[in-house]
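Undergrad: Pasting a structure here, questions to come.
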Amino acid sequence: MSVEGWLVFAGFWVLFVTTPGPNAVNCIQAGMTHGLPRAFLGVAGILTQATLFLTLSAAGLTALIVASPTAFELARLVGAGVLIWLGLRGWRRAARPVVADVGAGGIYLRALVIATVNAKSVAGYLAAFSQFVEPGVPIWAQMQVIFPTALTLTALSYTGYTCVGAWLGRLALGAILHVTVRRVLAACFILYGLALLLAAAPAPG
């Protein structure tokens with residue numbers, strides 16, 4: 001990958017991982033609820049998903065999923081259901097005292113599941129590999145540049161969102177405002193899920 005190509009890819013990836021979505025909302029929630037450094041386990045879950053999707057994309061599997069309308073539709077519906085369920089549960093629990101004794105595994109797995117079922121991930125990784133991978137160059141040689149760039153930018157972005165959540169959690173928010181913030185975040189999950197349900201499945205190329 002040329003320097004110019006790398007700069008374009010890095011710019012695309014910055015936009016990809018900084019655009020607010022379910023991962024960002026979850027990082028903010030984790031920071032508010034669990035504080036630092038425990039909430040960083042959620043970032044580890046996202047990085048696990050990113051590593052998996054980068055590897056699958058290099059192997060061409062994400063393109064295969066999108067090429068199969070049935071498989072993509074099933075993945076879209078499952079992802080929508082998970083996000084809506086998380087949003088409804090968060091809304092119901094918004095007025096309850098914050099429970100911060102969730103195990104490390106729970107924080108990590110929640111982030112991993114949210115990142116995996118997010119259709120934005122499939123679309124983003126497919127776009128990256130269809131636009132920035134040079135067909136005449138061995139894919140795994142290009143991955144030596146793509147992997148560290150993508151994972152570093154992903155880590156920086158979601159670490160930032162987690163820190164924002166921790167900062168909000170430390171603020172002396174009134175009880176009503178605190179519940180409102182938690183319900184806004186829960187509503188974001190519901191809206192993301194509904195958007196997935198309403199989105200048209202891609203036509204087979």
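Undergrad: Quick one: in region 181-198, of everything that is over 18 Å from the mean Cα position of the chain (by Cα) and modelled with pLDDT under 80, which residue is surrounded by the most Cβ atoms within 10 Å (Cβ to Cβ)?
TA: R182
Undergrad: On to the next question. Of the residues G169, G136, only one is farther than 14 Å from G21 by Cα, of a type outside the set (K, R), at pLDDT below 75 and out of contact with any His (no Cβ under 7 Å at 6 or more places or on another chain); which?
TA: G136
Undergrad: Here's a follow-up. Just to be sure I understand, how many residues within region 11-33 are of a type outside the set (V, I, T) and out of contact with any helix residue (DSSP H, G or I) (no Cβ under 6 Å at 6 or more places or on another chain)?
TA: Counting residues in region 11-33 that are of a type outside the set (V, I, T) and out of contact with any helix residue (DSSP H, G or I) (no Cβ under 6 Å at 6 or more places or on another chain) gives 4.
Undergrad: Mind telling me which of the residues V8, V17 ends up being under 12 Å from the mean Cα position of the chain (by Cα), on the phi < 0 side of the Ramachandran plot and either without any contact (Cβ under 8 Å) to a residue 40 or more places away in the chain or not in a loop (DSSP other than H, G, I, E, B) (or both)?
TA: Being under 12 Å from the mean Cα position of the chain (by Cα), on the phi < 0 side of the Ramachandran plot and either without any contact (Cβ under 8 Å) to a residue 40 or more places away in the chain or not in a loop (DSSP other than H, G, I, E, B) (or both) holds for just one of V8, V17, which is V17.
Undergrad: Would you say I84 is under 20 Å from V122 (Cβ atoms), assigned to a helix (DSSP H, G or I) and modelled with pLDDT under 80?
TA: no
Undergrad: Any chance region 53-66 includes a residue that's at pLDDT below 75 and on the phi > 0 side of the Ramachandran plot?
TA: yes
Undergrad: Moving on. Could you check region 22-40 and list, in sequence order, the residues that are at pLDDT 90 or above and outside any helix (DSSP H, G or I)?
TA: L36, P37, R38, A39
Undergrad: Please tell me if I114 is surrounded by 14 or more Cβ atoms within 10 Å (Cβ to Cβ) and at pLDDT below 85.
TA: In short, no.
The values are calculated or read from the model by the stated rules, or taken from the named source; none is laboratory data. A quick note: this is a predicted structure, and the numbers were derived from the prediction, not measured. Cβ atoms come from the backbone with ideal geometry, glycine included; neighbour counts cover every protein chain shown.
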